[in-house]
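Colleague: I am attaching a structure below and will ask some questions about it afterwards.
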Amino acid sequence: MNSSTKLMNVSSRQLHAFLEVTRLQSFAQAAEQVHLSPSGMSMLIKELEDQVGARLFNRTTRSLTLTDAGRRLQPVAESIVGELRTLGAVLDGSESAVRSRLRVAATPMISASLLPDVVRGFAQTHPQVQVHLADVEVGTVRQHVLEGEADIGLGFFVKPAVGLSRQPLCKFRLMRISPPEAGQGGLAASQPWSSLKSMPLVSLPSDNPIQVVIEKQLSQLGRVHDERPRMNLMGTIIGMVRAGRGHAVIPSFALEECLRQGLAVAMLREPVTYLDLYLVSERGTQPKPAALAFAAALKRAAASLPS
C-alpha cells in the first residue's frame, strides 16, 4: 500500500465488501451475501483500491487471491469492522436501556402515600422496566416534564398548563382529618362540610391547586381568607393535626398514612367533593407503553381506596 500519510475516505461498507470477497474468494458470491450486483461489488472494491492506492486482489479466470497490500489490509479491516459492530451493539443497548426506564415526577404526598405500593407491584409485573421516581412540588413536576427530565408527571393540575397534555387518571375524595378523640382515631362516619364552620384549620397555601378546590367549599361557610396556619407540604399538615394544632381537609390518597398516625378521619359530604389526579406529559409526544401500564396500575390502586 502507498506509504504516504494522505487522509483516506474509506467507508465501512467498502471494508465489509472487501472482507466478504476475501472470505468467499468470489466477487459474485460476496455480492449475493451483501445484496449487491456483481458490478456493484466490483465498484466498491475499485473505490477502496483507489483510496488505499494499491490493488488488493490478484484475479485470474480460475482464482482470486490477496495481493501483499490486500494481506496487510485484511487484519486492519477486520479490526475496524469489528469495532463498528461493537459500537452498534453498545448504542442499541443504550437505546434499550432508555426504553426500559420510566422516569416519574410526582408531588411529595402522592409519592409517599400512593406510589410505593404501585412501584412495588409494577416491578413484579414489569421486571424489565426500571421506575425512577422524583418527589417534587407541583411546579417542579411541570418543569421536569417540559425539560425532558421525566417521562410523565403526576399531580393535581386543576388548570391546563402551557406545553403539557393532561389526562385525568383517577379521583380522590376530600376528607376531614382531626386529632384523635379520647385517644381514639380511625375512619368514622362521613361528615358535612358545615362541620368545619368553626373548627380551627391547618391548610396548604391558598394558591396550591388542592387548596384552591378546598377554598371554594370553605367560602360557602363564610370562611374566606380567615387566619390559619398554612403549610407547604401535606405531610407537615398531617403532623400538625396529630400534634393537636387543628383539623385539615386533604384528599383521600393520604388515608392510610392518616390512619397509621392515629388520626380521626371522616369523608366530607354535602357536597361530596373530588379532586382529579392528572397524568401529564409533554404536549405533542406519546407516552411510553410503560407509562400507560404504570398509569393503569395507579388507577387500580386508587380504586381500592374508600370513596
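The values are calculated or read from the model by the stated rules, or taken from the named source; none is laboratory data. All values reported here derive from a predicted model rather than from experimental measurement. Methodologically, a virtual Cβ is constructed for each residue, glycine included, from the backbone with ideal geometry; neighbour enumeration extends over all protein chains shown.
Colleague: Pull up segment 28-58, narrow it to residues that are among the polar types (S, T, N, Q) and part of a helix (DSSP H, G or I), then point me to the one that is surrounded by the fewest Cβ atoms within 10 Å (Cβ to Cβ). So that I can check it myself, show each step before the final result.
Modeller: Restricting attention to segment 28-58, the residues satisfying the condition of being among the polar types (S, T, N, Q) are 29, 33, 37, 39, 42, 51, 58.
With the extra rule that they be part of a helix (DSSP H, G or I), the set shrinks to 29, 33, 39, 42, 51.
On the way: 29: 14, 33: 15, 39: 9, 42: 17, 51: 16.
Among those that are among the polar types (S, T, N, Q) and part of a helix (DSSP H, G or I), it is 39.
Colleague: Which is more than 24 Å from residue 213 (Cβ to Cβ), small (Gly, Ala, Ser) and touching a Lys or Arg at 6+ places or on another chain (Cβ under 8 Å), of 123, 161, 134?
Modeller: Values: 123 fails: touching a Lys or Arg at 6+ places or on another chain (Cβ under 8 Å); 161 fails: more than 24 Å from residue 213 (Cβ to Cβ).
When all the criteria are applied, what remains is 134.
Residues are listed down the side, and each one gets a yes or a no for (1) under 20 Å from the mean Cα position of the chain (by Cα); (2) modelled with pLDDT of 95 or more; (3) farther than 18 Å from residue 238 by Cα:
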residue	(1), (2), (3)
157	yes, no, yes
163	yes, no, yes
176	no, yes, no
180	no, no, no
185	no, no, no
188	no, no, no
193	no, yes, yes
197	no, no, yes
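Colleague: Scan segment 23-36 for residues that are at pLDDT 85 or above and out of contact with any helix residue (DSSP H, G or I) (no Cβ under 6 Å at 6 or more places or on another chain) and jot them down.
Modeller: Selection gives 23, 25, 26, 29.
Colleague: Let me ask something else. For the condition buried (at least 18 other Cβ atoms within 10 Å of the Cβ) and either of a type in the set (Phe, Trp, Tyr) or touching a Phe, Trp or Tyr at 6+ places or on another chain (Cβ under 9 Å) (or both), what is the one hit in 218, 204?
Modeller: Exactly one residue qualifies, and that residue is 218.
Colleague: Considering segment 132-150 alone, what residues qualify as being in a loop (DSSP other than H, G, I, E, B) and under 9 Å from residue 105 (Cβ atoms)?
Modeller: Passing the criteria: 136, 149, 150.
Colleague: Taking the stated definitions as given, is residue 264 among the small types (Gly, Ala, Ser), on the phi < 0 side of the Ramachandran plot and over 12 Å from the mean Cα position of the chain (by Cα)? Don't jump to the end; show me each part of the working.
Modeller: On the way: among the small types (Gly, Ala, Ser): yes; on the phi < 0 side of the Ramachandran plot: yes; over 12 Å from the mean Cα position of the chain (by Cα): yes.
Taking the combined requirement at face value, the residue satisfies it.
Colleague: Continuing with this model, one more query. Among the residues of segment 151-164 satisfying the criterion of being touching a Pro at 6+ places or on another chain (Cβ under 9 Å) and assigned to a strand (DSSP E or B), which is nearest to residue 109 (Cα to Cα)?
Modeller: 155
Colleague: Further question: Kindly list, by first and then second residue, each pair from a residue in segment 114-129 that is closer than 23 Å to residue 278 by Cβ to a residue that is among the β-branched types (Val, Ile, Thr), limited to pairs with Cβ atoms under 7 Å and residues at least 6 apart or on different chains.
Modeller: 119/131; 122/131
Colleague: Please work out which one of (1) touching a helix residue (DSSP H, G or I) at 6+ places or on another chain (Cβ under 7 Å); (2) at pLDDT 90 or above; (3) acidic (Asp, Glu) is the condition residue 282 fails and give its number.
Modeller: Answer for residue 282: the failing condition is (2).
Colleague: For segment 229-266, give me each residue that is in contact with a Leu (Cβ under 8 Å, 6 or more places away or on another chain) and either more than 21 Å from residue 138 (Cβ to Cβ) or in a strand (DSSP E or B) (or both).
Modeller: Of everything in segment 229-266, those that are in contact with a Leu (Cβ under 8 Å, 6 or more places away or on another chain) and either more than 21 Å from residue 138 (Cβ to Cβ) or in a strand (DSSP E or B) (or both) turn out to be 230, 241, 242, 246, 247, 248, 249, 250, 251, 259, 265, 266.
Colleague: Going through 84, 44, 19, 15 one at a time, which residue ends up being among the aliphatic types (A, V, I, L, M), under 47 Å from the mean Cα position of the chain (by Cα) and at pLDDT below 80?
Modeller: None of the others qualify; the one that does is 84.
Colleague: Let me ask something else. Looking at this structure, is residue 111 in a helix (DSSP H, G or I), at negative phi and of a type in the set (S, T, N, Q)?
Modeller: When the stated conditions are applied, residue 111 passes them.
Colleague: Just to be sure before I move on: is residue 236 hydroxyl-bearing (Ser, Thr, Tyr) and either modelled with pLDDT of 90 or more or surrounded by 14 or more Cβ atoms within 10 Å (Cβ to Cβ) (or both) in the structure I sent?
Modeller: So residue 236 passes the test.
Colleague: Moving to a separate point now. Among the residues of segment 47-81, write down those that are within 41 Å of the chain's Cα centre (by Cα) and either of a type in the set (S, T, N, Q) or at pLDDT 90 or above (or both).
Modeller: 79
Colleague: Sort out which residues of segment 135-155 are touching a residue at least 60 places away in the same chain (Cβ under 8 Å), within 29 Å of residue 196 (Cβ to Cβ) and surrounded by fewer than 20 Cβ atoms within 10 Å (Cβ to Cβ), and write them in order of number.
Modeller: Hit for segment 135-155 is 137, nothing else.
Colleague: Okay, next question. Scan segment 103-110 and give yes if some residue there is of a type outside the set (S, T, N, Q), at pLDDT 90 or above and surrounded by fewer than 13 Cβ atoms within 10 Å (Cβ to Cβ), otherwise no.
Modeller: Scanning segment 103-110 turns up no residue that is of a type outside the set (S, T, N, Q), at pLDDT 90 or above and surrounded by fewer than 13 Cβ atoms within 10 Å (Cβ to Cβ).
Colleague: Please state which one of 248, 254 is modelled with pLDDT of 95 or more, within 14 Å of residue 109 (Cβ to Cβ) and surrounded by 14 or more Cβ atoms within 10 Å (Cβ to Cβ).
Modeller: On inspection, the qualifying residue turns out to be 248.
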